[in-house]
């Protein structure tokens, strides 16, 4: 029996479809629904391209953290408004880091039975080089993973 379901949300249409599926599962199993948004600091493109990186000042870090917090709140609010969550116990979580690593860590920390997540539909080249988050999670998760397209 499912007791807790984790739904990673990134603002994509696939993530919202995953939330709709997860809400139905949670409602039918009386499970807690954990909504997770992972904020990821941008890569330093200059370093990746061979140019010297520009160090972040504390002021820039604070601005970036505030923008990421607002973005996370917006993603969660939009997702809540897109699906009926009546009759479902919902908890929200915002974390920072690499999405696949954070999703797996949260799944373990929360003791979830199931992760329901969207596929972002990465291009073949990107998927081949980097691997999608849903692919990485589905291969490493200690629980059932449902990927919604």
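The values are calculated or read from the model by the stated rules, or taken from the named source; none is laboratory data. The structure displayed is predicted, hence computed values, not measured ones. All Cβ positions, even for glycine, are placed from backbone atoms using ideal geometry, and neighbour counts span all protein chains on display.
For the range 97-149, the helices (runs of 4 or more DSSP H) that sit wholly inside it and include 1 or more residues that are touching a helix residue (DSSP H, G or I) at 6+ places or on another chain (Cβ under 6 Å) and either under 14 Å from residue 9 (Cα atoms) or at pLDDT 85 or above (or both) are 99-110, 133-140. Scanning the range 25-42 for residues that are in contact with a strand residue (DSSP E or B) (Cβ under 8 Å, 6 or more places away or on another chain) and in a loop (DSSP other than H, G, I, E, B), which turns out nearest to residue 87 (Cα to Cα)? Ranking the candidates gives 31 first. Restricting attention to the range 1-24 and to residues that are out of contact with any strand residue (DSSP E or B) (no Cβ under 6 Å at 6 or more places or on another chain) and in a helix (DSSP H, G or I), the residue that is modelled with the lowest pLDDT turns out to be 13.
Looking at the range 76-95, can you tell me whether even one residue there is buried (at least 16 other Cβ atoms within 10 Å of the Cβ), on the phi < 0 side of the Ramachandran plot, under 11 Å from the mean Cα position of the chain (by Cα) and outside any strand (DSSP E or B)? Yes. Consider the range 2-34 and keep the residues that are surrounded by fewer than 22 Cβ atoms within 10 Å (Cβ to Cβ) and free of Cβ contacts under 8 Å to residues at least 60 places away in the same chain. The one that is nearest to the chain's Cα centre (by Cα) is 32. Only one of the numbered conditions (1) at pLDDT below 95; (2) in contact with a strand residue (DSSP E or B) (Cβ under 9 Å, 6 or more places away or on another chain); (3) under 20 Å from residue 134 (Cα atoms) is violated by residue 80, and that is (3).
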